[in-house]
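Some notes on the structure that comes next.
Just so it is clear, none of the values below were taken in a lab; they were calculated from the coordinates. Remember, it's a predicted structure, so these values are computed and weren't measured experimentally. Cβ atoms come from the backbone with ideal geometry, glycine included; neighbour counts cover every protein chain shown.
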Amino acid sequence: MINNRFAGIAFLTSISLFMPIESFAAEQEYHCKYGVRSKSGWVPEEAVYVIDLDEKKAVAFDSHIKFSNETPMQAKFRQRTNGEYKLAWNLKSMPSRRKRTVEGMVLNDYETTIDAHYQAWLNPKTMAVKMRVSVGRTTDTINGKGSCKLVK
């Protein structure tokens, strides 16, 4: 069901993302904008989440997924006891630039690839969304916050 639903929608930003036009009763489509984002660029400006409550499945799509995977991807899904939806997915081999400086002196500067683990929490009552990204093997997390609109 959820895998075969994608056709087309353009976001307001310069990024074109594709999303569903066909609808199933248990699926909900959320268009989300992240207004508060880190400067690192790992949190996208916009995202679309399609959640199938009956099947307990979810699909995520944003500019990073489009770049890495080209099509929407399955996300691990769980409805938390407080009613929030938790989605999680991984992006492998994302291009990244590493620049390490100490006291203004560049020690190294190179391009590499890195894996990123994404988690999003969407509250369907308040339409608030939070995202946390863990990049590479670091313990650092990158955060974003925003709001969503229920489209279907």
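By the Stokes-Einstein formula, at 0.890 mPa s and 25 °C, region 31-134 with its Kirkwood radius over alpha-carbon pairs has D equal to 163 µm²/s. Per residue, the convex hull spanned by the Cα atoms of region 40-86 amounts to 89 cubic angstrom.
This ranking places L122, L91, L150 by how few other beta-carbon atoms lie within 10 Å of each, fewest first, which gives L150, L91, L122.
So if we plug the beta-carbon distance of E55 and T141 into 1/(1 + (r/R0)^6) with R0 = 30 Å, what FRET efficiency do we get, rounded to 0.05? For E55 and T141, the calculated efficiency is 0.55.
Annotation: the residues H64, H117, H31, sorted from fewest to most other C-beta atoms within 10 Å of their own C-beta, follow the order H117, H31, H64.
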